[in-house]
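The values are calculated or read from the model by the stated rules, or taken from the named source; none is laboratory data. Note that the structure is predicted; figures quoted are calculated from it, not measured. Cβ: placed from backbone, ideal geometry, glycine included. Neighbour counts: every protein chain shown. With ligands, DNA and RNA removed, areas are computed over all heavy atoms of the protein, side chains included. Shrake-Rupley method; radii C 1.70, N 1.55, O 1.52, S 1.80 Å.
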Amino acid sequence: MQGRATKWMCGIVATLGVVVLAMGCSGSDGYGACPTDNGSDEVCVWEGGITFVPDKVLLADGFVFVHGEMMWSPCSMTPGKQIRSYGIDPMTAVTKRMDAPADAEPVPIPAQGKIEVKLEGTMRRVVIDPGAAISVNKSKLPIGEVVNDDNGITVPIELEAVCDE
């Protein structure tokens, strides 16, 4: 009886190994600065995504600064990730890669949901969606919007999402 159980368990383990390899899962959690070919012959239904997860939001000189991890996960490739910082102009929604000044004030980030930064003395809010994602075929990742509460106009906030080493 014990011999049968051992053979049965070995069969399950071998089958699982074949299924995992067929799915293109290498088990590696290593990342590069940008995605690299993982040698998989996986047939892709979806090409993969780009995400940006903020870990700090700061306010200084009338700008909102967001700092976090951008990750690219193309199908059949080892994902890439970079730590990036962006400055958002709440008057125009123009966003550029830049670090916050040393005297920037931190903005609390809620445990769940969108991050809202109300700008004192204005009717503008910067709303950032930490769950934003888009196809790896796109060069810009929309992460939120600037909302003008005075007239209801919203302008999207888009980050440059091109991977550069």
Given the whole protein assembly as supplied and a 1.4 Å probe, what does the accessible area of LEU119 come to in Å², nearest 10? 20
Tell me the label-point distance for the pair ASP129, VAL45, using the 7 Å Cα-to-Cβ offset, in nm and rounded to one decimal. 2.2
Looking only at aspartates and glutamates whose Cα falls under 20 Å of LYS96's and that sit 8 or more positions away or on another chain, we get ASP55, ASP61, GLU69, GLU105, GLU116, ASP129, GLU145, GLU158, GLU160, ASP164, GLU165
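Would you rank VAL43, VAL117, VAL136 by solvent-accessible area, highest first, keeping every protein chain in place and using a 1.4 Å probe? Show your work: numbers first, answer last.
Details: VAL43 130, VAL117 5, VAL136 35 Å².
The ordering from most to least exposed comes out as VAL43, VAL136, VAL117.
Working out 0.36 nm times the residue gap between ASP55 and ASN137, then minus their Cα-Cα distance, what length gain in nm do you get to one decimal?
Numbers: separation 82, 0.36 × 82 = 29.52 nm, distance 2.48 nm.
Gain on stretching ASP55 to ASN137: 27.0 nm.
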All lysines inside 17 Å of LYS114 as judged from Cα atoms, apart from same-chain residues fewer than 8 positions distant: LYS56
At a probe radius of 1.4 Å, what is the per-residue accessible area of THR92, in Å² to the nearest 10? 70
Could you sort VAL57, VAL45 by their accessible area in this structure, using a 1.4 Å probe and putting the largest first? VAL45, VAL57
Treat each spin label as a single point 7 Å out from the Cα along the C-beta direction, and report the VAL155 to GLU116 distance in nm. 2.1
Report, in whole Å, the centroid distance computed from the Cα atoms of segment 95-118 and segment 130-165. 15
Accessible surface of ARG125 - all protein chains present, 1.4 Å probe, nearest 10 Å²: 60
